[in-house]
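The values are calculated or read from the model by the stated rules, or taken from the named source; none is laboratory data. Note that the structure is predicted; figures quoted are calculated from it, not measured. No Cβ is skipped: glycine too gets one built from the backbone with ideal geometry, and neighbour counts run over all protein chains shown. Quick note on the areas: whole protein, heavy atoms, side chains included, nothing else; ligands and nucleic acids left out. Shrake-Rupley method; radii C 1.70, N 1.55, O 1.52, S 1.80 Å.
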Amino acid sequence: MDKKRFEREMEQQMHDFRLRPAESVWQQVEQRIKKEKKRRFILWWMFPSLLILVYIFYTYLPKTLTDDTLPVLAPTVKNEIVMYNDTLPMETQQFKDSFSVFFVEEKFDNCGSVIKNPEEILSDDLAKKEDEVGFLPMAEIENDKRSLSERTVSSSAFHRKLDDTMIIVQCAENSIPSGALAAPQITDSLSRQLNFNAYYSFHGSGDLSGTLLEIGQERKIGKRYSFYTNLGVTIHSGQEIGSAGVSPLRLNYAYNALQSQTIGVQATPMLYRYSKRGDIKIGVGLAARYQMGSFNAYGASSISGSAQYQYSIYEAQPNSFSLGYRINVGLILLENRKNKLGLEIFFQNDTEGDVITGLGLSFQTKYKK
Amino acid sequence: MNAVCNFIRKYSLMLILISLVSTIKAQTQRSIFSEKALGFTVEYSRQQRQSLSGILMGVNQEFKVNNKLWVHHFFSITLHSGVDPLHDAALKNVINVALQDPYFKSSPIKFITAGIQSGGAVSSKFLSEKVQLGAGPLIRYQTTNKPDDYTFNVVGSSFSNVPRYSTSYQINSVRPHTLSVGGLIFADVEFYKRKGVEVKATLMYQFDTRGDRILSTGFKIQKTYRKI
């Protein structure tokens with residue numbers, strides 16, 4: 001009873017479903033048909049023997065099939081363009097098990113096998129009989145007309161025309177589900193993304209402030225992990241003892257105090273783990289950093305009769321190369337199929353004792369190689 | 001006018017960063033251009049006004065408008081550094097200062113200038129599309145610790161008939177954070193192209209309203225960037 005209700009609900013939902021294969025697919029179908037026409041001459045001699053075998057199969061073997069049994073027409077060849085011609089007679093077939101039929105328009109990394117619009121398979125007569133209409137489980141294309149999800153529905157009865165074809169579009173990986181419930185994810189094919197991160201950051205105890213700008217590539221590993229390689233530049237500055245009460249953050253403004261400046265170029269390969277929903281990530285990685293600074297130790301004394309200072313530099317800061325670690329936490333704020341915008345914070349430390357922390361935005365865009 | 005200037009002062013860095021985001025985000029939109037590419041640039045750079053040397057790193061996008069016209073959008077970072085030349089030049093005049101005063105300790109300031117800039121350009125290709133010449137405007141944010149006006153003093157004194165020396169810097173004027181607009185001209189020469197990857201030698205000269213002039217030369221690696 002539940003089965004029939006489920007089938008009825010499926011019929012209602014699928015009623016208005018339309019799947020339009022791309023033009024290129026039909027061109028390939030046409031080419032294949034032309035090749036198949038040559039083969040039909042040979043197949044014609046086998047037809048009577050096949051009829052006899054089918055008659056024996058349906059007369060003497062048990063009619064009930066287990067759920068795990070695949071029907072005769074289930075595709076057995078994977079990852080190549082195949083067309084099957086239905087050679088079953090024009091009688092109603094009874095299938096009590098379920099099988100999967102998928103259709104994909106483009107080549108995906110993880111894709112199923114065959115899809116067929118059920119309305120093309122179902123005969124007009126059977127479409128009128130609500131109780132007997134069966135549905136082929138199929139992948140739907142949504143989310144800008146492409147996404148994959150699977151429904152497995154038992155089919156009770158359906159008509160198949162003699163020249164119906166099932167089309168398998170070539171896939172990158174072998175992943176025909178054959179009744180499995182796991183649906184290939186379209187995002188798996190979009191396994192790379194370009195990240196641009198911009199942080200407001202602090203160097204040291206906070207007396208130097210500035211920015212970290214970073215560009216990198218993130219590559220997915222499995223469902224919840226990713227590896228991120230990047231190149232970043234840090235720019236930090238601060239004002240030493242000098243004019244009091246003046247903010248150094250004013251643009252195009254002149255001061256008469258000593259300024260300190262630190263810049264760094266760094267690479268921080270990181271391993272990220274995503275939450276189940278994919279909106280929070282936490283990453284840990286190494287940091288390799290080359291840094292230049294203006295000076296290490298200095299002395300300042302006020303000039304008599306003025307508010308200005310004079311500075312004696314005792315020690316220069318040598319350029320340095322250091323190794324360290326970095327911890328990143330990110331939260332996705334906005335997301336569509338191709339892009340993400342997120343908030344990130346990080347903490348970084350290295351062998352030179354430079355602690356850098358920051359808070360900023362991350363823009364990520366997916367791309368195909 | 002004041003309100004506009006204040007707005008630009010407050011949000012200048014954000015405007016530059018937004019232009020970088022748009023450089024990458026534009027890849028995701030359906031393009032009306034027949035060809036587009038994303039490239040990375042690394043160049044040796046010379047800040048001529050401040051006499052500092054360093055590097056320029058950037059990301060650039062190139063769109064083909066027609067057979068003769070290309071449009072560019074770029075975002076780059078410049079890092080320049082150098083040591084104050086006045087320090088060593090002044091101490092050369094003092095003979096054997098370390099021998100005279102064993103407690104003498106002095107180092108020159110290291111000047112560091114970093115810039116974040118973005119802009120656009122139009123270009124045209126010549127000689128079977130091997131040579132590309134272009135020009136365009138840019139907006140540049142710069143942070144530096146090099147003063148526009150400073151003095152370096154070496155002071156000698158005597159204490160119990162023992163000479164003592166000390167040095168000091170007097171900073172008269174420094175603009176640590178500036179935002180300026182300017183322009184650039186560039187020339188690229190392609191010397192390698194295969195499977196959508198192009199490698200070009202590039203030469204660029206830029207100038208801005210702050211008076212900074214930067215000459216850069218290096219390499220640009222560009223690839224056809226196919227979006228989903």
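Descriptive notes on the structure:
- A:Leu258 vs. criteria facing chain B (nearest Cβ under 8 Å), in contact with a strand residue (DSSP E or B) (Cβ under 8 Å, 6 or more places away or on another chain) and at pLDDT below 80: no
- Any chance A:Ile327 is among the hydrophobic types (A, V, I, L, M, F, W, C) and open to solvent by 40 Å² or more (accessible area, probe 1.4 Å): yes
- Here B:Phe111 fulfils each of the conditions (1) over 26 Å from B:Leu179 (Cβ atoms); (2) in a strand (DSSP E or B) apart from (1).
- Screening the candidates A:Phe321, A:Phe346, A:Phe295, A:Phe363 for the property of being touching a helix residue (DSSP H, G or I) at 6+ places or on another chain (Cβ under 7 Å) and either within 23 Å of B:Lys110 (Cβ to Cβ) or open to solvent by less than 40 Å² (accessible area, probe 1.4 Å) (or both) yields one hit, A:Phe363.
- Any strands (runs of 3 or more DSSP E) falling wholly within segment A:267-357 and containing at least 3 residues that are over 24 Å from A:Tyr200 (Cβ atoms) and within 11 Å of chain B (Cβ to nearest Cβ): A:297-302, A:309-315
- Every listed requirement among (1) within 14 Å of chain A (Cβ to nearest Cβ); (2) open to solvent by 10 Å² or more (accessible area, probe 1.4 Å); (3) of a type outside the set (A, V, I, L, M, F, W, C); (4) more than 13 Å from the chain's Cα centre (by Cα) is met by B:Tyr141 save one, (4).
- Qualifying residue in segment B:200-217 (condition: within 14 Å of chain A (Cβ to nearest Cβ), farther than 30 Å from A:Gln261 by Cβ and either touching a residue at least 60 places away in the same chain (Cβ under 8 Å) or out of contact with any Phe, Trp or Tyr (no Cβ under 6 Å at 6 or more places or on another chain) (or both)): no
- Scanning segment A:298-318 for residues that are in contact with a Gly (Cβ under 8 Å, 6 or more places away or on another chain), open to solvent by 60 Å² or more (accessible area, probe 1.4 Å) and either of a type in the set (A, V, I, L, M, F, W, C) or free of Cβ contacts under 8 Å to residues at least 40 places away in the same chain (or both) returns a single hit, A:Tyr314.
- Scanning segment B:108-122 for residues that are over 14 Å from B:Pro176 (Cα atoms) and at the interface with chain A (Cβ under 7 Å from one of its Cβ atoms) yields B:Pro108, B:Ile109, B:Lys110.
- Scanning segment B:77-85 for any residue that is of a type in the set (Val, Ile, Thr), closer than 15 Å to B:Met204 by Cβ, at pLDDT 85 or above and open to solvent by less than 30 Å² (accessible area, probe 1.4 Å) turns up at least one such residue.
- Residue count for segment B:47-72 under the criterion of being closer than 27 Å to B:Tyr150 by Cα, open to solvent by 20 Å² or more (accessible area, probe 1.4 Å) and either free of Cβ contacts under 8 Å to residues at least 40 places away in the same chain or within 14 Å of another protein chain (Cβ to nearest Cβ) (or both): the result is 3.
- Scanning segment B:201-227 for residues that are outside any loop (DSSP other than H, G, I, E, B), open to solvent by 20 Å² or more (accessible area, probe 1.4 Å) and under 27 Å from A:Gln193 (Cα atoms) gives B:Phe219, B:Ile221, B:Lys223, B:Thr224, B:Lys227.
- Qualifying residue in segment B:187-200 (condition: at pLDDT below 95, outside any strand (DSSP E or B) and under 30 Å from B:Lys36 (Cα atoms)): yes
- Scanning segment B:168-196 for residues that are open to solvent by 10 Å² or more (accessible area, probe 1.4 Å), aliphatic (A, V, I, L, M) and at the interface with chain A (Cβ under 7 Å from one of its Cβ atoms) returns a single hit, B:Leu179.
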